[in-house]
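The values are calculated or read from the model by the stated rules, or taken from the named source; none is laboratory data. All figures in this text were calculated on a predicted structure; none of them were measured in a lab. Every residue, glycine among them, receives a Cβ derived from its backbone with ideal geometry; neighbour counts consider all protein chains shown. The area values use the complete protein model at the heavy-atom level, side chains included, leaving out ligands, DNA and RNA. Shrake-Rupley method; radii C 1.70, N 1.55, O 1.52, S 1.80 Å.
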Amino acid sequence: MRIDVVTIFPSYLQPLREALLGRAIDRGLLEVAVHDLRDWTHDVHQAVDDSPYGGGPGMVMRPQVWGEALDDVLATPDLPARLVVPTPAGRPFTQATAHAWAAEERLVFACGRYEGIDERVLLDARARGITVDEVSIGDYVLVGGEVAVLVMVEAVARLLPGVLGNPRSAAEDSFSDGLLEGPSYTRPEVWRELAVPDVLRGGNHAAIARWRRDRALERTRDRRPDLLDALGPDALDAADRAA
Ligand SMILES: CC(C)N1CCN(Cc2ccc(Cn3ccc4ccc(-c5n[nH]c(N)c5C#N)cc43)cc2)CC1
């Protein structure tokens with residue numbers, strides 16, 4: 001997969017080159033290119049924003065600069081791209097979104113700042129046949145799109161074949177079966193007088209699987225009842241029995 005990110009703060013994306021994702025890039029499983037939006041300005045001040053029409057707080061990112069940048073970055077007809085634009089007003093980015101995007105050959109992320117990007121940039125891209133996804137990583141307000149891109153790239157990249165050391169990890173993710181994962185334990189058997197649950201040390205794999213399912217149901221009911229509702233009434237009954 002090829003990922004391009006356009007931003008006025010390229011250094012914000014440096015964490016993508018660390019650790020697991022950095023190793024995936026070094027192994028050629030992932031290609032990441034970060035572009036400085038200001039490279040497409042032509043004035044001495046390298047202006048990327050201007051006052052909003054209709055008044056209101058803050059500034060809006062200028063369409064001319066974004067248009068020229070995306071013309072260049074998206075100019076790869078042989079490699080169809082999906083343009084992803086993080087925004088507080090976007091559709092929710094979920095694990096299902098991450099799985100869908102993991103099948104894409106190329107993702108281009110446009111990181112806005114200020115109060116966002118002039119709407120005509122997205123309209124123009126769609127008019128030129130580009131798939132444009134406006135997405136939000138959660139119901140809180142950030143200062144720009146870069147942190148959201150770090151979140152989304154990590155969520156997508158970890159699903160790519162070969163990126164995770166143990167592919168079962170992605171298959172057994174939270175949300176993969178619609179539930180939150182239950183508690184995890186490792187050595188020592190007792191730590192600060194707290195013991196690992198006996199069932200996990202007993203070697204009865206059926207009992208361990210049932211215990212883990214029960215803890216997942218219980219935790220989901222307590223922390224994310226909305227996920228349980230989505231699974232239907234049987235799941236809620238099972239969660240009540242599990243407690
Ligand atoms: C017209 C006027 C009264 N409105 C007043 C409220 N404004 C809301 C507003 C507030 C701040 C920002 C800062 N910002 C710039 C680009 C950008 C990209 C993503 C996110 C972002 N925040 N939270 C998420 N989950 C995000 C994602 N994904 C935030 C971004 C952008 C937008 C919008 C304008």
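Only one entry in Arg187, Arg215 is assigned to a helix (DSSP H, G or I) and of a type in the set (D, E, K, R), namely Arg215. Going by what's in this entry, would Leu70 be described as within 24 Å of the chain's Cα centre (by Cα) and under 24 Å from Glu154 (Cα atoms)? In short, yes. When Ser11 is tested against the conditions (1) under 19 Å from Val147 (Cα atoms); (2) of a type in the set (S, T, N, Q); (3) part of a loop (DSSP other than H, G, I, E, B), the lone failure is (3). Checked against (1) away from the ligand (no atom under 16 Å from the Cβ); (2) within 20 Å of the chain's Cα centre (by Cα); (3) among the β-branched types (Val, Ile, Thr), Val135 meets all criteria but (1). Answer with yes or no whether Ala98 is more than 16 Å from the ligand (Cβ to nearest atom) and either more than 27 Å from Ala235 (Cβ to Cβ) or aliphatic (A, V, I, L, M) (or both). So Ala98 fails the test.
The one condition from (1) outside any loop (DSSP other than H, G, I, E, B); (2) within 16 Å of the ligand (Cβ to nearest atom) that Leu142 does not meet is (1). If the condition is being within 8 Å of the ligand (Cβ to nearest atom) and in a loop (DSSP other than H, G, I, E, B), then the stretch 145-171 contributes only Gly145. Across the stretch 200-216, which residue is farthest from the chain's Cα centre (by Cα) among those that are touching a residue at least 12 places away in the same chain (Cβ under 8 Å) and open to solvent by 40 Å² or more (accessible area, probe 1.4 Å)? Step by step, filter the stretch 200-216, then rank; the result is Arg201.
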